[in-house]
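For reference, the structure is listed below as structure tokens.
The values are calculated or read from the model by the stated rules, or taken from the named source; none is laboratory data. Computed from a prediction, not measured in an experiment: that's the story for all the values here. Cβ atoms come from the backbone with ideal geometry, glycine included; neighbour counts cover every protein chain shown.
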Amino acid sequence: MSTSKVALVAGSTGLIGNLLINTLTEHDQYHQIKCLTRRPLDIQSQKIEEIRTDGDNLAELSDRLQADDIFCCLGTTIKKAGTKEAFRKVDFDYPLLLAKATRQQGASQYLLVSALGADPDSSVFYNRVKGEVERELYKVDFPSFHIFRPSLLLGERNNEKRFGEDVGKVFFKYFGFLVPKKYKAIDAIRVARAMVHMAKQQTKGNFIHESEELQKF
């Protein structure tokens, strides 16, 4: 097993992405962590290389995207994006562009943060887009492809408030015991740990990790 790998993280300033970078810096197996970001990171480490991008120029950056393991934590909300089209660009177009560009550069693993309920045939727009991008990413044919489907995420976001998440957190705090394990809110750090754990296994194939499984990390 390689002991000198390069990781690439997209969505570096998001809740999971930020925790993921911190987790990766603690592992000797990764000597470099390339972070795709629109703004400077708060994390300081000699392992980190910041690559500024708004997502639209991923193809032009292809020569800088060489990495072994690709961690895609891209995601937004329809409210933040403004329109369904803008939401789809972040949650569908960019993950697919990233996958194609990095696979062409020799990446062997792609690890995607999706969502509980992702289904390309869903009547819910959010879930449908998540399911559609999963389906298209299978076609990129990475030797190892992992999909992580967390439930409601718990954790502090940098400079961002999500009303739905805040309401959900209050609900789960007082009534979480009524919710089946599959749907329980999950600490974002557990998702980050699960992603690094699975990447280090280097197991070939396609895998889906539901929220209940992620709770173990």
Among the residues of the range 46-67 satisfying the criterion of being within 17 Å of the chain's Cα centre (by Cα) and closer than 17 Å to Arg103 by Cα, which is surrounded by the fewest Cβ atoms within 10 Å (Cβ to Cβ)?
Gly55
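Taking the options Ala118, Ala107, name whichever one is modelled with pLDDT of 95 or more, touching an Asp or Glu at 6+ places or on another chain (Cβ under 8 Å), assigned to a loop (DSSP other than H, G, I, E, B) and within 18 Å of Ser12 (Cβ to Cβ).
Values: Ala118 fails: within 18 Å of Ser12 (Cβ to Cβ).
When all the criteria are applied, what remains is Ala107.
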Here is a list: Ile43, Ile70. Which entry is buried (at least 16 other Cβ atoms within 10 Å of the Cβ), within 24 Å of Ile186 (Cα to Cα), more than 16 Å from the chain's Cα centre (by Cα) and in contact (Cβ under 8 Å) with a residue 12 or more places away in the chain?
Ile43
Checking Gln202 against (1) modelled with pLDDT of 80 or more; (2) farther than 22 Å from Asp69 by Cβ; (3) among the polar types (S, T, N, Q): exactly one of these is not met. Which one?
(2)
Could you tell me which of the residues Lys139, Lys130, Lys182 is farther than 24 Å from Lys80 by Cβ, at pLDDT 95 or above and basic (Lys, Arg)?
Lys139
Of all residues in the range 73-99 being of a type in the set (A, V, I, L, M), modelled with pLDDT of 95 or more and out of contact with any Asp or Glu (no Cβ under 9 Å at 6 or more places or on another chain), which is surrounded by the fewest Cβ atoms within 10 Å (Cβ to Cβ)?
Ala86
Exactly one condition in (1) in contact with an Asp or Glu (Cβ under 9 Å, 6 or more places away or on another chain); (2) under 21 Å from Gly131 (Cα atoms); (3) at pLDDT 85 or above is not met by Leu154; state its number.
(2)
Sort out which residues of the range 4-21 are over 11 Å from the mean Cα position of the chain (by Cα) and small (Gly, Ala, Ser), and write them in order of number.
Ser4, Ala7
For the range 185-200: of the residues being hydrophobic (A, V, I, L, M, F, W, C) and not in a helix (DSSP H, G or I), which is farthest from Thr23 (Cα to Cα)?
Ala185
Is it true that Gly55 is under 17 Å from Ala194 (Cβ atoms) and small (Gly, Ala, Ser)?
no
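Please work out which residue is modelled with the lowest pLDDT, limiting yourself to the range 160-179 and to residues that are loosely packed, with under 12 Cβ neighbours inside 10 Å and more than 19 Å from Leu15 (Cα to Cα). So that I can check it myself, show each step before the final result.
As a first pass, look at the range 160-179 and keep what is loosely packed, with under 12 Cβ neighbours inside 10 Å: 161, 163-164, 166-167, 170, 173-175, 177-178.
Narrowing further to those that are more than 19 Å from Leu15 (Cα to Cα): 173-175, 177-178.
Working: Lys173: 56, Tyr174: 51, Phe175: 55, Phe177: 60, Leu178: 58.
Looking at the filtered set, the residue picked out is Tyr174.
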Give me the residue from the range 100-117 that is within 14 Å of the chain's Cα centre (by Cα) and crowded, with 20+ Cβ neighbours inside 10 Å and, out of that set, farthest from Leu152 (Cα to Cα).
Gln109
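Can you pull out the residues in the range 73-84 that are outside any helix (DSSP H, G or I) and touching a residue at least 60 places away in the same chain (Cβ under 8 Å)?
We begin by selecting, within the range 73-84, every residue outside any helix (DSSP H, G or I); these are 73-77, 82-83.
Residues satisfying the conditions are Cys73, Leu74, Gly75, Thr77.
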Kindly provide the set of residues from the range 1-37 that are in a loop (DSSP other than H, G, I, E, B) and surrounded by fewer than 24 Cβ atoms within 10 Å (Cβ to Cβ), ordered by number.
Met1, Ser2, Thr3, Ser4, Thr13, Gly14, Glu26, His27, Asp28, Gln29
